[in-house]
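The values are calculated or read from the model by the stated rules, or taken from the named source; none is laboratory data. As the structure is a computational prediction, the values presented were derived from the model and not from experiment. Neighbour counts are summed over all protein chains in view; Cβ atoms, including those assigned to glycine, are modelled from backbone coordinates with ideal geometry. Surface accessibility is based on the protein's heavy atoms, side chains included, excluding ligands, DNA and RNA. Shrake-Rupley method; radii C 1.70, N 1.55, O 1.52, S 1.80 Å.
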Amino acid sequence: MTTSTTHNGPAYRRAVHASTAHRPAGVAAGHGRRGVGLPEQRRVREVIVGLDDRPVADRGYHQEAHHGYVLLRSLVAQLGGSARAIARDMQMLSAIYDNAAIFAPRLLPPLSHFNLAVASIERLGNGSDYQRQCLDELDDARAVGVLAATELGHGNDLLNLGTRAVWDRGGRVFRLHTPSADAVKFWPNIADPDVPKTVVVIARLIIDGNDEGVWPFVVRLRTTHGLAEGVSVVALPKNLLGPPMDHAVFRFDNAAVPADSLLCGQLARFDVDSGVFHCDLGRHDRFHAAIGSLQTGRALFAGAAAACGRAGWAITVRYATQRYIIAHKTRRLIDDDATQRTLISALARLYAATALAGLARRRLAEEHPSGPALAMLAKPEASDTAYRVLDDCLQLCAAQGLSCMNHLGDYILRVNGIRIAEGSNRAIRVASGRTPELAATGHIPAHADISHLTVLDDTDLPWWQLMLHEREQALVAAARTGEPRAVGECGPSSTANDIAVAVAERVAADALSEWAQTSDDPAARSLLTELTAVYCLERLTAHYDWYAVNGRLSALRATQIGRQLSTRYSALAPQLSTTLLDFVDIPRLPAFIDQPDLAAAWAQQLCWPAETS
């Protein structure tokens, strides 16, 4: 069974084109005033919609995974034919990630081809014949780029990876070797035998017995002729809680790779003739500089997760306008006050996450020192937010939400994959939350301290936004001075997690507020301001216990929080299926649940008459 072509194809593409023809630039993709210009945004969207990635019920798991690579090649061809050009353009990458998330979910997983493989080689490469060959094959996506960092026994602890790249002075090659079972590379998408893969492998550099830390190596792991010599790959069972991908484990057995496979750019110097390696950076700094592309991936996937959430929200709102919850069709789901509150809350959280991801992307594109720290905050905040929103949407749509033909499942799987990709959210939060203390003790540079991230001057903010600033400042101050831990904390990791959450919420609120203040559209400015208030007030209710225990929540203030929220819910509820839905700017998608007449769409699919005598 496949979806009816009336829900996609030329008519659908025309509808998508019309939906963006008169929108302010960047609103749909969440980039604010600095986003991709409207013509470019429209072109990217039209290309991705034209890929026609509609749900197909009888396509198996491995076919689904393979289809993503087919879409990737088509995307590169239609956007100029050069993955290298795309990888250099952060604004275009942002538009690709966001639109793929909405309109081509199967395209989303392999998009790291651009930033984790192509960009890594360009940023840290030396222009050798070997690297040019790798880039040529990646440029038109004949080969797909993959990052292989995580290991079975080391997880996200990349500083202590076991895979070794030993310099063979006589052979003038590096020998990649997996010394133990816990050092096998775990989970990269390299199992499909029909897709050549060029892999950026993170391994420990060993020269004359000296451990020089972990560095990336570019390896043509799988070509049209098969696997490279000295490489063993075993496909993993299908992943039920994430998007279909050709996941595998693999190991090296003294596999020889050229000297030019080492990617160190201007960070270090390696003389092949003498075998001398020199790097002025300490282990910590060289590691973070070498894997800088991970931060770009985190920011891109953060925005994509928020885009999935916005699309799921739009589908749910439209479905709620035709789903009746009382007999005789007298009351729709959209008229239920609990549903309205859920949807308003979801939209506020999604736009805060979108603003945070957009800020991280801009700072990275500008090479601002705060870019990496923002990416570390944005990925977990945006993907966890989108996942919870999509779960709310699934509950509202009930059985229709579970159907593989209705996109919500696709979105949930992709977002769940993002929560794990480029480092699991929990691990990233703990690492981020430790930076204030580490910076205070001189272990990391000040710009890596997430509490130093600034967006707005806090001298003229509403009290509900200032309270988020106050909570962050108190948590950070306690961590720096070693004061007793706050409510519910039981050790340094839980403290770090709470600090990361507090900073992410404050920065997201400020980014959304900045978006509102700088919007040229009065209607958009008004809506974004209201959504900022809802977001902040809900964060205060989520942390009632902390504010109360720390003497920062009077009875009067608690009452004001509740009244402010109620007032805004009541004002926004009538606008859910009109003004707010128009603002989100997601056209109808090729899913049955998103058609004007759900029953007629199913009847057409099943070849049954819409009415029977």
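One table, with the values for the structure above:
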item: Accessible area in the full protein assembly, largest first, 1.4 Å probe, for 449, 139, 260; result: 260, 139, 449
item: For residue 463, net neighbour charge (Lys/Arg +1, Asp/Glu -1) across residues whose Cβ lies under 12 Å away; result: -1
item: MRE, 222 nm, helices only [DSSP H, n ≥ 4, -39500 (n - 2.57), over the chain, to nearest 500]; result: -16000 deg cm²/dmol
item: Rounded tilt (10° steps) of 522-542 against the dominant C-alpha axis of the chain; result: 80
item: Fraction of accessible area attributable to carbon and sulfur, the chain (%, probe 1.4 Å); result: 52
item: Partner aspartates and glutamates for residue 329 [C-alpha distance under 20 Å; skip if fewer than 8 residues away on the same chain]; result: 337, 594, 597, 611
item: Inter-label distance for residue 599 and residue 43, nm, one decimal - labels placed 7 Å from Cα along Cα-to-Cβ; result: 4.6
item: Helix axis angle, 492-518 relative to the chain longest principal axis, alpha carbon, degrees; result: 60
item: Folded to 0 to 90 degrees: helix 90-103 orientation relative to the chain principal axis, Cα; result: 60
item: Full-extension gain in nm, residue 571 to residue 607, via 0.36 nm per residue minus C-alpha separation; result: 8.6 nm
item: Surface per residue (accessible, 1.4 Å probe) for the chain, Å²; result: 40
item: Full-extension gain in nm, residue 126 to residue 554, via 0.36 nm per residue minus C-alpha separation; result: 147.9 nm
item: Cα-based Rg of the chain normalised by 2.2 N^0.38 Å, two decimals; result: 0.99
item: Centre separation in Å (Cα based) which lies between the range 412-459 and the range 223-291; result: 26
item: Extended-chain gain in nm, criterion 0.36 nm per residue less alpha-carbon gap, residue 56 and residue 77; result: 5.2 nm
item: All lysines inside 21 Å of residue 238 as judged from Cα atoms, apart from same-chain residues fewer than 8 positions distant; result: 185, 197
item: DSSP loop GluC sites (Glu not before Pro) with at most 15 other Cβ within 10 Å: longest gap in the chain; result: 368-610
item: Spin-label model distance (nm) - residue 283 vs residue 563, 7 Å beyond Cα toward Cβ; result: 5.9
item: Heavy atoms of residue 321: accessible area, 1.4 Å probe, square angstrom to 10; result: 40
item: Whole-angstrom gap from the range 134-202 to the range 529-560, using each part's C-alpha centre; result: 48
item: Cβ-derived FRET efficiency at R0 35 Å, residue 142 paired with residue 272, nearest 0.05; result: 0.80
item: Cβ-based net charge around residue 63, under 15 Å, with every Lys or Arg adding one and every Asp or Glu removing one; result: -3
item: The chain - percent relative contact order, Cα under 8 Å, separation 6 or more; result: 14
